[in-house]
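Structure below; questions to follow.
The values are calculated or read from the model by the stated rules, or taken from the named source; none is laboratory data. Just so you know, these numbers come straight off a predicted model, no measurement behind them. Note that we place each Cβ from the backbone using ideal geometry, even for glycine, and neighbour counts take in every protein chain shown.
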């Protein structure tokens, strides 16, 4: 500005003055005057201190409006000298800084960018902006293309997104142009995102389209630009240019060599000459030079190190600074300690080394070999170090060089020789015979370091894998190696199996499916209820079908004599599961009982409504005294919280029901996609709860099934989703919330799942919901870790709260990881602790969260809550049935074009029954296809066909279709309230098992001499005398449990006996699963039943908290973890149970341990069989 005023004076003083300025400062440019640097630039400072470097940089850039590449270079030099020094006069000898200063001086001498337009006139300017990971730059030029001023700002935080930095550069550039009093500005940027944001903000043709984590930060900057344009009355246009044409690009770059030098650690940076490792004294006292001389303290430090007893660097430095000089550096002490031979010879300090890799890229290029032992026999193990990890084990008669060479000779002859062999220093591998063998095959031998098994870790780890398989499966080494080679390494892809990495053809494995205990059991817990408890009543005639009956045989007719539970009823005194029963005739049940008229069921009422064309109207009007009433359709049967009127709660809430609402009229089989997307009823309401993810899921399903907006959809999947939403919507409308929102405090609930992210804002005082939101995860986000999704939900929640104007936030999440990340970010007590693959993504989100808190001056409190109490959990879920259907592949039948028939009456049940009989009593799906073909698509609905098929007695008596039943639970809330009882056998001995069905799951096993009723009652008597009797016993239908002795015993103790359904082991699933647990422990540990049951009772169920152990759920005092079998001395009879030493891998079991279980002979026979099998291999 002062230059412009001076030039005005020059123009007024005449040609002589103009000539003087032109000769010293100016030159002709585009018909005008342009300035340039006229003062000489001095050389870089000899002594590099913070003051000298800053002074030199200031002389070349501080007073000039245009500097070009000098601005980022000098800013970089200042930042580097700041990092190297603590005070303004501290001297640094950093060689990299010296080279950078020299580079700037040389380039400045040949290419000085300090030049620009002398006189600036007019109010039009072109503004160039750019940003990089280093800096943000701005160039302001006139209409003629002359640079008026440029500016540069180094970035402090590289975690900020590049689009945010580009937008910041645009805001700063506009402020610079306004300082020059420019009214018409053309903004040129190479960022397409910033160009779209600013253009849409200025034109108003579209809202800001961004879902970034810094959404609120972006909106604030765009609003600043819009406010500058509006208040100052400027004309701003935005243009998109290429990066190569952007004139501000040079203001955002420094030489790449500087970046590499800056990334080196401080102790690895080269110094400018040798450092001064001594004190400087006055030259006149030492010599006649008048300058300072350097004194070397290495010998003094060495003497201190020896006198102190050869300690480490830290202690030696302490003694040296105390006894010699306080100016001794750590580097000198480290050099002395490192060069000490005594410290090297006696217990040297650990050093770091360069880690390598034993793996190679080529298959069968390097083989790792070793000799190992298992079961008292020696094996030569060979494994590929390439991608396949294929292994070969050969049984050795002797572990000498001749035998090893013979086996390797056979392997090489069959599969070819590798390029090299990796082995340890065993005498067999170091022998002359083995060396000659390798030379004959042209194989390079590589030996690992002594006493370092990790030098051959690939084969060592393979030893453990194969031995564990053999020990757990109790099979031979041959089968264990086979299982290892055919098992995929990633556990899911067959191509990842080692065998498939060696052979070109698919390898047929020898694994056979074996029936295991409980494999055929069907769980009775958690099944979706489809029937009610009153479906079967005493006296109903039913068809009873025994499992295993041929499909052509007719079921047996029976009569219900009792109802045991919703899942089990008695027919003729025998308990049967309801899935084995079907109603006979029209005596009851869903086929014969009254049915709620469904849409399309064929009833006369529905046909009348179809002809009239009037949909159902749900009225949420006020009744009587003004209290909002229930919907008309739900007034008779609504209950619970959904059916309670607002007058009962005394709180007035705003609901969408203050008007007559018509539900979507597409609950038939033909659903247009535009009707679904427009009628889901979730876009204009703030609080939806479960309705938000459900509506979004239905839209996604419709988009997947229909190519455009007007094509009708025929899909059972979509129809079921619409029916579920409509049914739940009528039962409980979630649209309710707080009408008046005041204050600055809010509670933000966030949650995420594999389906969606959810946010709920609630009032901290009343708990009323202010707004909720849900975002379905895209297909591309399925592989994103759940912790990142939880962090995204937290950022979305903060943005939503800021949009409402809240400043005091209580963020509640059920993710421990997100709670730790955000808490550490706010408190600053710890850095971000994560080593995930997406570490930079996590750091960026945390940086955005911190920036939101700082810029909006938020008071955020992070709280960790349980998932069960998280109010945002509901907005992240959809029914499980929808997920199972969505995972199934889409068939061509779902894309078939429907028959568009309007106002046609539904087909009668007799017509559908006739078609069902003519086609041979087939199922619902095929009957529906034939009925729609013969009677028309719109006339036949699936519920009507299902009703006909259920009423058919022929289908009910011969191979009936499976049906669902109401799920139940065998567990109880109280401990020792119900006991599950059974008799099982282990090693030919019968045992009575009792398991608590309460929270403890405590177990008792008693050995029986005979599995008779008298002995069972005797053992139960002892248990009840010691621990008391339960309220009921759950058992199966064995004869010893149904005898008179057991019934009399139960009556004496006042205990009710519940028998499970016949042919349904799942009816006593708790004790059946417990049998498997104990037997597996016995087989794996080769221990007794008593010790296995003890270990089960003292082991925590959650694996971490001892309070969850079964024994601690029954006894008040803590159960001590002791061995069941007591230790005996060598002179006592019996054998002690050997325990595995900590850190020792052990698979062999002592013969004394097995003698106690009576299986020594079996063990010896298995060893002989294994040896024979290995010899055949």
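For segment 762-779, state whether one or more residues are under 30 Å from residue 839 (Cβ atoms), in the same structural domain as residue 837 (by TED's automatic domain parsing) and part of a helix (DSSP H, G or I). Please lay out each step first, then the result.
Taking segment 762-779 first, the residues under 30 Å from residue 839 (Cβ atoms) are 773-779.
Applying the additional criterion that residues be in the same structural domain as residue 837 (by TED's automatic domain parsing) yields 773-779.
When the remaining residues are screened for being part of a helix (DSSP H, G or I), the result is 779.
Among the residues of segment 762-779, at least one is under 30 Å from residue 839 (Cβ atoms), in the same structural domain as residue 837 (by TED's automatic domain parsing) and part of a helix (DSSP H, G or I), which makes the answer yes.
Of all residues in segment 432-483, how many are within 24 Å of residue 376 (Cα to Cα) and more than 42 Å from the chain's Cα centre (by Cα)?
Qualifying residue count, segment 432-483: 0.
Of everything in segment 122-137 that's in contact (Cβ under 8 Å) with a residue 24 or more places away in the chain and in a loop (DSSP other than H, G, I, E, B), which residue is surrounded by the fewest Cβ atoms within 10 Å (Cβ to Cβ)?
Of segment 122-137, the ones in contact (Cβ under 8 Å) with a residue 24 or more places away in the chain are 123-137.
From what's left, in a loop (DSSP other than H, G, I, E, B): 123, 132-134.
Working: 123: 13, 132: 20, 133: 11, 134: 19.
Per the criteria, the residue is 133.
Could we say that residue 422 is assigned by TED's automatic domain parsing to the domain that holds residue 456, surrounded by 21 or more Cβ atoms within 10 Å (Cβ to Cβ), in contact with a helix residue (DSSP H, G or I) (Cβ under 8 Å, 6 or more places away or on another chain) and without any contact (Cβ under 8 Å) to a residue 60 or more places away in the chain here?
Numbers: assigned by TED's automatic domain parsing to the domain that holds residue 456: yes; surrounded by 21 or more Cβ atoms within 10 Å (Cβ to Cβ): yes; in contact with a helix residue (DSSP H, G or I) (Cβ under 8 Å, 6 or more places away or on another chain): yes; without any contact (Cβ under 8 Å) to a residue 60 or more places away in the chain: no.
The answer is no for residue 422.
Taking only segment 46-65 into account, find how many residues are surrounded by 15 or more Cβ atoms within 10 Å (Cβ to Cβ) and in a loop (DSSP other than H, G, I, E, B).
Final tally of qualifying residues: 3.
Scanning for something under 25 Å from residue 471 (Cα atoms) and not in a loop (DSSP other than H, G, I, E, B), does segment 342-363 turn up at least one residue? Quick ask: steps written out before the conclusion?
First, the residues of segment 342-363 that are under 25 Å from residue 471 (Cα atoms): none.
Looking through segment 342-363, none of the residues is under 25 Å from residue 471 (Cα atoms) and not in a loop (DSSP other than H, G, I, E, B).
Just give me the residues in segment 425-437 being buried (at least 18 other Cβ atoms within 10 Å of the Cβ) and out of contact with any helix residue (DSSP H, G or I) (no Cβ under 7 Å at 6 or more places or on another chain), in sequence order. Can you show your working first?
Here is the first cut: in segment 425-437, the ones buried (at least 18 other Cβ atoms within 10 Å of the Cβ) are 428-429, 434, 437.
Answer for segment 425-437, where residues must be buried (at least 18 other Cβ atoms within 10 Å of the Cβ) and out of contact with any helix residue (DSSP H, G or I) (no Cβ under 7 Å at 6 or more places or on another chain): just 429.
For segment 1054-1081, which residues satisfy the criterion of being in contact (Cβ under 8 Å) with a residue 24 or more places away in the chain, in contact with a helix residue (DSSP H, G or I) (Cβ under 6 Å, 6 or more places away or on another chain), outside any loop (DSSP other than H, G, I, E, B) and farther than 14 Å from residue 984 by Cα?
Just the residues of segment 1054-1081 that are in contact (Cβ under 8 Å) with a residue 24 or more places away in the chain, to begin with: 1054-1076, 1078-1079.
Those still in the list that are in contact with a helix residue (DSSP H, G or I) (Cβ under 6 Å, 6 or more places away or on another chain) too: 1057, 1060-1061, 1065, 1072, 1078.
In the following step, the residues that additionally are outside any loop (DSSP other than H, G, I, E, B) were identified as 1057, 1065, 1072, 1078.
Selection gives 1057 alone.
Here's another thing I want to ask about it. Here are some residues: 404, 392. Which one is buried (at least 17 other Cβ atoms within 10 Å of the Cβ), at negative phi and in a helix (DSSP H, G or I)? Even if it seems obvious, please write down each step before you answer.
Values: 392 fails: in a helix (DSSP H, G or I).
After applying the criteria, what remains is 404.
Residues checked against (1) in contact (Cβ under 8 Å) with a residue 60 or more places away in the chain; (2) outside the structural domain of residue 1066 (by TED's automatic domain parsing); (3) surrounded by fewer than 18 Cβ atoms within 10 Å (Cβ to Cβ); (4) not in a helix (DSSP H, G or I):
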{"residue": "917", "(1), (2), (3), (4)": "no, yes, yes, no"}
{"residue": "934", "(1), (2), (3), (4)": "no, yes, yes, no"}
{"residue": "960", "(1), (2), (3), (4)": "yes, yes, no, yes"}
{"residue": "966", "(1), (2), (3), (4)": "yes, yes, yes, yes"}
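Could you check segment 1028-1053 and list, in sequence order, the residues that are touching a residue at least 60 places away in the same chain (Cβ under 8 Å) and part of a helix (DSSP H, G or I)? So that I can check it myself, show each step before the final result.
First pass over segment 1028-1053, keeping only residues touching a residue at least 60 places away in the same chain (Cβ under 8 Å): 1034, 1037, 1041.
Scanning segment 1028-1053 gives a single hit, 1041.
Working only within segment 936-949, note down all residues that are closer than 22 Å to residue 717 by Cβ and part of a helix (DSSP H, G or I).
Those that are closer than 22 Å to residue 717 by Cβ and part of a helix (DSSP H, G or I): 942, 943, 944, 945, 946, 947, 949.
Residue under question is residue 349, and the condition is that it be surrounded by 10 or more Cβ atoms within 10 Å (Cβ to Cβ) and under 37 Å from the mean Cα position of the chain (by Cα); does it hold?
Values: surrounded by 10 or more Cβ atoms within 10 Å (Cβ to Cβ): yes; under 37 Å from the mean Cα position of the chain (by Cα): no.
Against the criterion (surrounded by 10 or more Cβ atoms within 10 Å (Cβ to Cβ) and under 37 Å from the mean Cα position of the chain (by Cα)), residue 349 does not qualify.
Something else about it: Scan 833, 812, 820 and give me the residue that is surrounded by 12 or more Cβ atoms within 10 Å (Cβ to Cβ) and outside any helix (DSSP H, G or I).
Just a single option satisfies the conditions, and that option is 812.
Identify all residues within segment 77-121 that are surrounded by 15 or more Cβ atoms within 10 Å (Cβ to Cβ), in a loop (DSSP other than H, G, I, E, B) and touching a helix residue (DSSP H, G or I) at 6+ places or on another chain (Cβ under 8 Å); write none if there are none.
85, 92, 113, 114, 118, 119, 120
Something else: So which residues in segment 1027-1053 are under 18 Å from residue 975 (Cα atoms) and in contact with a strand residue (DSSP E or B) (Cβ under 7 Å, 6 or more places away or on another chain)?
Of everything in segment 1027-1053, those that are under 18 Å from residue 975 (Cα atoms) and in contact with a strand residue (DSSP E or B) (Cβ under 7 Å, 6 or more places away or on another chain) turn out to be 1030, 1031, 1032, 1033, 1034, 1035.
Additional query: Quick one: is residue 381 buried (at least 20 other Cβ atoms within 10 Å of the Cβ), in contact with a helix residue (DSSP H, G or I) (Cβ under 6 Å, 6 or more places away or on another chain) and either over 20 Å from residue 455 (Cβ atoms) or not assigned by TED's automatic domain parsing to the domain that holds residue 447 (or both)? Show your work before the answer.
Values: buried (at least 20 other Cβ atoms within 10 Å of the Cβ): yes; in contact with a helix residue (DSSP H, G or I) (Cβ under 6 Å, 6 or more places away or on another chain): yes; either over 20 Å from residue 455 (Cβ atoms) or not assigned by TED's automatic domain parsing to the domain that holds residue 447 (or both): no.
It is false that residue 381 is buried (at least 20 other Cβ atoms within 10 Å of the Cβ), in contact with a helix residue (DSSP H, G or I) (Cβ under 6 Å, 6 or more places away or on another chain) and either over 20 Å from residue 455 (Cβ atoms) or not assigned by TED's automatic domain parsing to the domain that holds residue 447 (or both).
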